[in-house]
Amino acid sequence: MPLEKILQLCGHQVRTASNGDAGLELARSFQPEIVLCDIGLPEGMNGYDVAKAMRADEAFATVYLVAVTGYGQDEDRQSAQAVGFDYHLTKPVGKEDLLEVIGKMPRF
């Protein structure tokens with residue numbers, strides 16, 4: 001089941017974007033509490049670029065940023081953390097994994 005559907009069934013409001021630029025624009029208008037971002041994105045920005053841009057923008061200071069990717073080696077996790085991701089999930093991501101990450105979110 002797609003992550004979007006899992007989140008919706010759990011009562012969360014969900015927005016999706018097809019690339020990094022669109023994701024940043026959408027996040028600016030939506031102001032999410034959590035962002036799930038793939039590392040390998042089409043058309044320009046990759047997930048690392050998105051994370052860097054979000055961490056450089058005060059509007060996203062409290063966003064919980066989660067890498068959702070097929071890259072799961074220790075060096076991949078370290079790279080994700082270095083650019084500002086709070087958590088790293090390796091695909092495939094199941095409902096239990098997703099809910100565990102959401103449960104670890106800090107509450108502001």
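Structure values in brief
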| quantity | calculated |
| --- | --- |
| Aspartates and glutamates whose Cα lies under 13 Å from that of K52, excluding same-chain neighbours fewer than 8 positions away | D21, D86 |
| Label of the coordinate-derived value, Rg/Rh (Cα atoms, Kirkwood Rh), listed as (1) 0.92; (2) 1.13; (3) 1.20 | (1) |
| Kirkwood Rh in Å, taken over the range 1-63 so that all alpha-carbon pairs contribute | 12.2 |
| Reach of K104 by Cα under 16 Å, taken over lysines that are not fewer than 8 positions away in the same chain | K95 |
| Check: the range 3-103 dipole with +1 on Lys, Arg Cβ and -1 on Asp, Glu Cβ, in debye | 200 |
| Two-site FRET efficiency, A61 against K104, from Cβ-Cβ distance with R₀ of 25 Å, rounded to 0.05 | 0.90 |
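Bear in mind that the values in this text are calculations on the coordinates, not laboratory data. Since the structure is predicted, the reported quantities are computational estimates derived from the model, not experimental observations. Positions of Cβ are backbone-derived with ideal geometry, glycine not excepted, and every protein chain shown enters the neighbour counts.
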